[in-house]
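What follows is a set of notes on a single structure, which appears directly below.
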Amino acid sequence: MHVLRSLTPVSRMTIGLETRPLADLDGDGFVSCSDIGLSLPAWGSPGPTDLNDDGTTDGVDLGMMLSAWTG
Ligand SMILES: [Ca+2]
Ligand SMILES: [Ca+2]
């Protein structure tokens, strides 16, 4: 049985005509373990995993990801 999830992330960004959670790094529509798996190798580095755009991927970005968590 398909379970309808509530998608109310804290922050969103627009990519083309599609709007998705900023923390949805792999673009699958959910903020989940796979997105954290993408951010951990980039720890301490800038890039798309730097969600608050402060030049590094760190605990602040992880907190933003957890705040937007959909599972
Ligand atoms: Ca995702
Ligand atoms: Ca950051």
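Here are some notes:
- Counting 0.36 nm for each residue step from Asn52 to Trp69 and taking away their Cα separation leaves a gain of 4.5 nm.
- HN-Hα J in Hz across the stretch 55-65 - Karplus 6.51, -1.76, 1.60, θ = phi - 60°, x for Gly and Pro: x, 8, 8, 8, x, 5, 5, 4, x, 5, 5
- Between Asp28 and Trp43, the simple label model (points 7 Å from Cα in the Cβ direction) yields a spacing of 2.1 nm.
No lab work stands behind these numbers, since they all come straight from the coordinates. Small disclaimer: the values here were computed from a predicted structure and weren't measured. Reconstructed Cβ throughout: ideal geometry from the backbone, glycine too, with neighbour counts over all protein chains shown.
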